[in-house]
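Please treat every number below as a calculation from the coordinates, not as lab data. The structure presented is a predicted model; accordingly, all values stated were derived computationally and were not measured. Every residue, glycine as well, gets a Cβ built from its backbone with ideal geometry; the counts of neighbours run over all protein chains shown.
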Amino acid sequence: MKKYIVIILFLLAGILTFQACLKDDHPYWPNDVSGKQYITIYGSPLNVTAVNQVRFETVLPVATLKDTVTFFVNLASDAVPSTATTVTFALDNTLITAYDTSLYQAAVAAHDTVTWGVYVWNDYKPYPGVKLITPTITIPAGSRVGYAKILVDHPDTLRLNVHYMAAFKITGVSPSSISIAQNLSSVLCAFPIANQYEGDYTVVGYRKHPSLGTLVVNKTEHLSTVDANTVTKSGFGDYPYDVQIQVTNNVLVVQGVNCFKVNVTVWSSGSAVASAMETSWVGDPAAAPKPPLDPTWINYYNPFTKTFVLNAHYNLAAPRYMYEVLTLQ
């Protein structure tokens, strides 16, 4: 199972100002900083107001999980350095507080609290099982590249209803002629905890369009954790709307098996799309999967086969019907 990592890189003038990334191939490099050297935690700069650019990954709450997260450290310069460079790091929980109090508000103002089915939180707590493996690294002479690492440990002690982050920053560099690039010197890593429904699913089904006919889907899709009982996936049949699936405590007996009814919500760009679940099967009787033996055996989760059966539609005026069977791989 993949672990999910959110990486937010703080841009120029500390964590509250966002500007362009400092790179040695920047068109203004020769004129502005020729002869200078900057150490960075390198990556494509992410503006946190563009929440849909942030990567969300999860870790499973497994006691034996010990995983290393690696970050690329880059020495930006107009020439490859001829001497070794030493870089020091430290964990810094004040960055988490700054995100919760300031940067989150910018994200909400631009995109609301939900973007593409992924929640943006403002109540992150320091991840208690994170250790800085590399408080000091050395970039050898003749190279610009090094790697900083943190260890993610004991996720079984965490809770699904708490949102966790780890934060670290560059605190020093030697030789002293090298500057710390404040635009890329700090990193936040968020570690949502996976629920029992997360994973890769084989999806068989289709979207029945009012004019285009039956559009078949047969592929693998990943369901990602939203909260303890909810997952989200990208795709409504063959259409790229997000689908949020909440497993309820309401029982639906399917061929003698106690299954659980689900609530299905369709999302697009952070907003719920006009949609509805079917109360009785609607679909194409000639297409796979076959119609259920009982037309009410839809929109449920089977905990024994780890299968979702979804039947819903969006666009209430001209419905696009989705009928899918998702089975955990």
(request) Please work out the Cα center distance from region 212-262 to region 118-196, rounded to the nearest Å. (result) 33 Å
(request) Between beta-carbons, use under 10 Å as the cut-off and find the net charge around THR202, counting Lys and Arg +1, Asp and Glu -1. (result) -1
(request) Could you check the simple spin-label distance between VAL257 and SER179, using points 7 Å along Cα→Cβ, in nm with one decimal? (result) 6.3 nm
(request) Report, in cubic angstrom per residue, the convex hull volume of the C-alpha atoms of region 193-329. (result) 103 Å³
(request) At most 11 other Cβ atoms within 10 Å and a DSSP loop assignment: could you name the trypsin sites (Lys or Arg not before Pro) in region 193-251 that fit? (result) none
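Quickly rank 300-313, 185-198 as a protection proxy: mean count of other C-beta atoms within 10 Å, highest first.
Descending mean neighbour count gives 185-198, 300-313.
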(request) Subtract the Cα-Cα distance of THR202 and ASN122 from 0.36 nm times their separation in residues, and report this length gain in nm to one decimal. (result) 25.4 nm
(message) I want to check a number: in region 157-284, how many lysine pairs have alpha carbons closer than 22 Å, given a sequence separation of 8 or more or different chains?
(response) 4
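Given R₀ = 45 Å, FRET efficiency for ILE133-THR327 by Cβ-Cβ distance, to 0.05? Each step should come with its number before you reach the end.
Working: r = 38 Å, r/R0 = 0.84.
According to the calculation, E is roughly 0.75.
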(message) Tell me the net charge near THR296. Cut-off is 14 Å between Cβ atoms, THR296 excluded, with +1 for each Lys or Arg and -1 for each Asp or Glu.
(response) -1
(request) Return the loop-located trypsin sites (Lys or Arg not before Pro) in region 147-194 (DSSP other than H, G, I, E, B) with at most 11 other Cβ atoms within 10 Å of their own Cβ; answer none if there are none. (result) ARG159
(request) Give the long-range amide H neighbours of PHE236: residues separated by 5 or more places, or on another chain, with amide H under 5 Å away, using H modelled in the peptide plane at 1.01 Å from N. (result) TYR241
